[in-house]
1. Taking the Cα centroid of segment A:93-164 and of segment B:84-110, what is the distance between the two, rounded to the nearest whole Å?
2. Which whole DSSP H helices in chain A pass both tests: a Cα extent of 27 Å or more along the axis and a mean Kyte-Doolittle value no lower than -0.5?
3. Once Rh for segment B:145-240 is found with the Kirkwood sum over Cα pairs, what is the Stokes-Einstein diffusion coefficient at 4 °C and 1.567 mPa s, in µm²/s?
4. Find the relative contact order for chain A and round it to a whole percent, using C-alpha pairs within less than 8 Å whose residues are 6+ positions apart.
5. Between A:Leu249, A:Leu119, A:Leu103, where does the largest GNM mean-square fluctuation fall for chain A, given springs only between Cα atoms within less than 10 Å?
6. What translational diffusion coefficient, to the nearest whole µm²/s, does segment A:160-307 have by Stokes-Einstein, given a Kirkwood radius computed over alpha-carbon pairs, a temperature of 20 °C and 1.002 mPa s viscosity?
7. With a 10 Å Cβ neighbour count serving as the proxy for reagent exposure, in which order, fewest first, do B:Arg85, B:Arg24 appear?
8. Go ahead and set up a Gaussian network model of chain B, Cα springs under 10 Å, then flag whichever of B:Met291, B:Met199, B:Met266 fluctuates most.
Protein chains: 2
Amino acid sequence: MLNIGIKGLGVALPKNYVEFESGRRYRISGEENHLDLLCKSAENALSNSGLTIDDMDVIIGACAVGLQPIPCTAALVHEVIAKDRKIPAFDINSTCTSFITALDVVGYQIQAGRYKHALIVSGDVGSIALNENERHSYELLGDGAVSAVISQSETSDILYATQITYSVGAHLTEISGGGTALPAYYYNGNNKEKYQFHMEGKSALVATAKLVGEVLNNIEKSSGFKLDDIDMIIPHQASSALGLIMRRLNVPENKYIDITKQYGNMVSASVPFALDYAIKSGRVRRGDIVMFLGSAAGLTINAMIIKF
Amino acid sequence: MLNIGIKGLGVALPKNYVEFESGRRYRISGEENHLDLLCKSAENALSNSGLTIDDMDVIIGACAVGLQPIPCTAALVHEVIAKDRKIPAFDINSTCTSFITALDVVGYQIQAGRYKHALIVSGDVGSIALNENERHSYELLGDGAVSAVISQSETSDILYATQITYSVGAHLTEISGGGTALPAYYYNGNNKEKYQFHMEGKSALVATAKLVGEVLNNIEKSSGFKLDDIDMIIPHQASSALGLIMRRLNVPENKYIDITKQYGNMVSASVPFALDYAIKSGRVRRGDIVMFLGSAAGLTINAMIIKF
């Protein structure tokens, strides 16, 4: 059984941002697009890991919304950064926590020796699907991409992971149109909101707070880890209520990353971006015990404890 | 290390079909929809496995195209068949070979003891995205769903798996509109074909034949299995040229399943449907060595050898 580590991260943010009272939100403009952000973050992750695409054994797309209905996003990233590399490219999707789910899944493949190095590519451009009449989400989402090289490691490891979908909340956060349930070609100019991001702000917050609490309370029993054992929590930056939720869960302020003011909710890029931020600001160091704690549309909660 | 087996399969086909000269294609009509097919196949898979949803530890959506951009398809299936079950639901996507990729991925999780029983839900309703001016795909795709219960097993196992994306063929088969690259709300009535299935029939066929051959030729070296060791090949039912490709690869007719005439290309449901067909027609029995051999938009090739 091999150990698993996050060897390096790479970030790509849009050039421009919008300033709201609630904070700064990076958003694509002009020629910038989702694919470019994903590929730029991937190149940065490789470079920061001291590796090249030739070292990668698999590319996993872990975005909330794909570039095209067909093929998968990872194949389109592969086309740009790995065209002649004979490696698999596939997507894993649990919306906002796709990065954690992908790390969880590929961890087992690395542990079993199937792959030595995996490239996880996360990122979304939620700004293109916002409804300006829904202020709480319109001012919340930011665009960005973060990729990670996941490798066999002597010093790091995934220590525990759990994931639960509470589908009573399946429609609290959604884009209902664009898939098979409401095809794109039913768009008629008058039903645009069906093709836009929608979040029942208050209900989603209440449900998330309750369910994150439930998962967190259960972790000691199921993982053996107490809150005291965790050096830093990297939560999904779901909303500006993050601090409120963490206080309710009795998590001290110095024990979690909250950059919702500075960056908003960057959807699938949020968790790896907050990890990158924590590393760059010296709040996470190699050897630290780090917990990813994410909530996603579904409603899905992920918790993962790693030795970074 | 635990062994992995396909405990049971469940199929759901639309009530109606269309007859072309090239064969019969099942297609949804009236109130039938993608979600209903997926859930019905899942219920059938559970029932055929002698298990219930309470036994499942994870639901994996393995479709080519999702129900909605957000949340993932597995969460929407969870909402119908597992609403109060505290289990994860997430999607894995490699287009037409999503079932094989999902089995490959969850196999490692079962092997490591993370899950005991997994429910993989595959299926597509390609008929809603067909372009009647593109006859080769218009007459090829059929709708359907197949689910599988994957469990720890004493007698079955996954013996070998490989997956390669040849993204030189990334645009040979695609639906370009509906994701972030061409959002649904750019649909204007005159650009419908961008939101429809498109396949460069001849180029896709030539590329697939070449690459399947490459993967197949490499299997003996990488897996130790010779063609003689394989009892039955379950290929993706990509097109009516399946027989032609198999003949070129020197695979005898009694060694693979070709039901393209009867059912067409059922996208992500094709591979598990062909397995189910092979079992029901007595061509695959417990203990047989079976090879899944799939091609998918991407262009991705999957090969997997199991002891069924």
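1. Going from one Cα centre to the other spans 16 Å.
2. Details: long enough: A:201-223 (31 Å, 0.19).
Span-like helices in chain A: A:201-223.
3. Working: Rh = 17.2 Å.
Using the Kirkwood radius from Cα pairs, D works out to 75 µm²/s.
4. 25 percent
5. A:Leu249
6. 130 µm²/s
7. So the residues, fewest neighbours to most, are B:Arg24, B:Arg85.
8. For chain B, modelled as a Gaussian network with Cα springs under 10 Å, the answer is B:Met199.
All of the numbers you see were taken from the coordinates with simple rules; none came from a lab. Since the model is a prediction, treat every value here as computed from it, not as a measurement. Note that we place each Cβ from the backbone using ideal geometry, even for glycine, and neighbour counts take in every protein chain shown.
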